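What follows is calculated from the coordinates using simple rules that are stated; it is not laboratory data. This one's a predicted model, so the numbers in the text were calculated from it and none came from an experiment. Cβ: placed from backbone, ideal geometry, glycine included. Neighbour counts: every protein chain shown.
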Ligand code: MN
């Protein structure tokens, strides 16, 4: 047997999921045949690429059809196979995933004119929304292509790396697939920002070296703090990815000061139950001082918009250094790293593809109500017909930085950076938006055009006699939902 296939099967055998070995072998053999004689620019036989992509898909816990589609993803476009070959041998479902990956691959986003960009992005999201396995296979494909990017001509390196930073990394983040996001960004960083990357590596090396030593001490201390009461505890540590550290260093308030990069090192405590999460928090606070004001975030009680759950606390760790500790169950951990892909691990649902419709209907992936973004994605496609509006929505709502704000009752709302109380009001309900006359943020009255910040508690003052939005709000709202509602009101008046 070919050593590449042996290698793939060893990963298949280690998977906690029951995969159909025979079907995977047949798919590999067809891929090998379809790509025979082809080489990657690295000089490796082409089959190394689909095999690597399939290994990622197996290790991310996806099903047999997704693994087969990963093996076959380039056979029609770049190899000697036809769609009919795939349907005949492996069925319509595998063929559809391959189709989707091919379509996404054909859609180039970077560098195209704006109008084209919108249309392409819309096409891409539509393909992806039909079956989430398509985007996950595509992310695995992109990951390997980024790992072998140095073999491409310089011009293509920059284009692909930029596309990775602008489209694929944010998509991975939005889907909650944290481990891929960080890897993609770090792979793209040196190509997109070569000079800044050189500086960063030069400046950061001593900090990372010190941090590496420090995490060993932290790990030992945390284990000894927790293992008596929670014998099954696992402590992991992680150093912040380069790209996200570099981005954060340039934020106002940090301004390049490494000592303010509190999350350069994070400790991760993994336990079995939610009760053990809170017990761990108590034990850690008993041993270390909690950093005042920076405080504790309870994303178990109030998960992030992409479904992320964890307890975060900032403590004065060994040597008085401020450290973030993240506490979560093993299941939460898997979801934090794998996001929607983790569904295939934890759900026994026999489903033919996790479409957005199924996600929204709650037929797959339990914390579906937390995946607001996926829901929004679908509703935009139904509501928004104007291309410019669609672009604004996607660019500003989906692919940009987000903030989380709260209603006085503690409901969480995921809004784009720069959102105002009016955006908040319309996010809650159109009726609330229309009746807004004032707002309080963290119990203080603010103007309606003030910018909200992460963690703000927003209270909307209404007057039931006031049933119409103010035209001037269009000057400062940033969400498509608010703009849409206000415009709709105006159009109905005319
Ligand atoms: Mn490929």
How large is the convex hull of the Cα atoms of the range 403-487 per residue, expressed in Å³ as a whole number?
78
For the pair residue 92/residue 216, report the inter-label distance in nm, with labels modelled 7 Å from Cα in the Cβ direction.
5.9
For the range 225-261 and the range 457-478, what is the centre-to-centre distance using only Cα atoms, to the nearest Å?
39
Relative exposure of 76, 11, judged by other C-beta atoms within 10 Å (fewest first)
11, 76
Could you tell me the calculated FRET efficiency between residue 474 and residue 301, based on Cβ-Cβ distance and R0 = 35 angstrom, to the nearest 0.05?
0.45
Based only on other Cβ atoms within 10 Å, what is the fewest-to-most ordering of 235, 274?
274, 235
What's the FRET efficiency of residue 179 with residue 6 using the Cβ-Cβ distance as r and R₀ = 41 Å, to the nearest 0.05?
0.95
Take the Cα gyration tensor of the range 140-223, multiply each eigenvalue by 5, square-root it, and list the three semi-axes largest first, rounded to whole angstrom.
28, 18, 10
Between the modelled labels at residue 287 and residue 198 (7 Å from Cα along Cα→Cβ) the distance in nm is 4.4
Within 10 Å of each residue's Cβ, count the other Cβ atoms and sort 226, 165 from fewest upward.
165, 226
Simple spin-label estimate for residue 236/residue 154, 7 Å along Cα→Cβ, in nm, reads 3.9
